[in-house]
Amino acid sequence: MTDEPTSQARVAITYCTQCRWLMRAAWVAQELLTTFRTRLGEVALVPGTGGVFRVELDPGDGREPVLLWDRAEQGGFPEIPPLKRAIRDTVAPDLSLGHTDRAASS
């Protein structure tokens, strides 16, 4: 049994099937699940089209979902460290991200 809190927080990664971005979306999901373990209740891969790559966070506590990354707005793909910090700040502010936090403060 784990002492970590379980969460209702949900991350949805919408990716373009036409662009074959499933592997990139799965890699982002793996990074988030490895870092946050039970602090995220779900990471969903949502197929889309038209060049979409979007990461949304629903904190699961009654607050509105937050758009963390949208390829249409920011271009390219999200960097993992800032994405992890944004999620941590919302769902697990007590969680240390180790080297990711140290690199941000340098």
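The values are calculated or read from the model by the stated rules, or taken from the named source; none is laboratory data. Remember, it's a predicted structure, so these values are computed and weren't measured experimentally. Methodologically, a virtual Cβ is constructed for each residue, glycine included, from the backbone with ideal geometry; neighbour enumeration extends over all protein chains shown.
Before moving on, here are some points about what is shown:
- Here Glu56 fits the description: assigned to a strand (DSSP E or B), touching a residue at least 40 places away in the same chain (Cβ under 8 Å) and surrounded by fewer than 18 Cβ atoms within 10 Å (Cβ to Cβ).
- Hits in the stretch 21-53 - residues which are in contact with a helix residue (DSSP H, G or I) (Cβ under 7 Å, 6 or more places away or on another chain) and outside any helix (DSSP H, G or I): Leu40, Val43, Leu45, Gly51, Val52, Phe53
- Subset tally (residues that are over 15 Å from Ala25 (Cβ atoms), out of contact with any helix residue (DSSP H, G or I) (no Cβ under 7 Å at 6 or more places or on another chain), of a type outside the set (Val, Ile, Thr) and surrounded by 14 or more Cβ atoms within 10 Å (Cβ to Cβ)) for the stretch 59-92: 3
- Listed by first and then second residue, the pairs with beta-carbon distance under 7 Å, at least 6 apart or on different chains, first residue in the stretch 20-44 and at positive phi, second loosely packed, with under 15 Cβ neighbours inside 10 Å, are Arg37/Glu4.
- Meets criteria (in contact with an Asp or Glu (Cβ under 6 Å, 6 or more places away or on another chain), among the hydrophobic types (A, V, I, L, M, F, W, C) and either closer than 13 Å to Ile87 by Cα or touching a residue at least 12 places away in the same chain (Cβ under 8 Å) (or both)) for Leu67: yes
- For the stretch 38-59, the tally of residues that are within 14 Å of Ala92 (Cβ to Cβ) and more than 10 Å from the chain's Cα centre (by Cα) stands at 4.
- Test: residue in the stretch 93-101 that is modelled with pLDDT of 95 or more and either among the β-branched types (Val, Ile, Thr) or surrounded by 16 or more Cβ atoms within 10 Å (Cβ to Cβ) (or both): no
- Applying the criterion of being surrounded by 14 or more Cβ atoms within 10 Å (Cβ to Cβ) and part of a loop (DSSP other than H, G, I, E, B) to the residues of the stretch 1-20, the residue that is modelled with the lowest pLDDT is Ser7.
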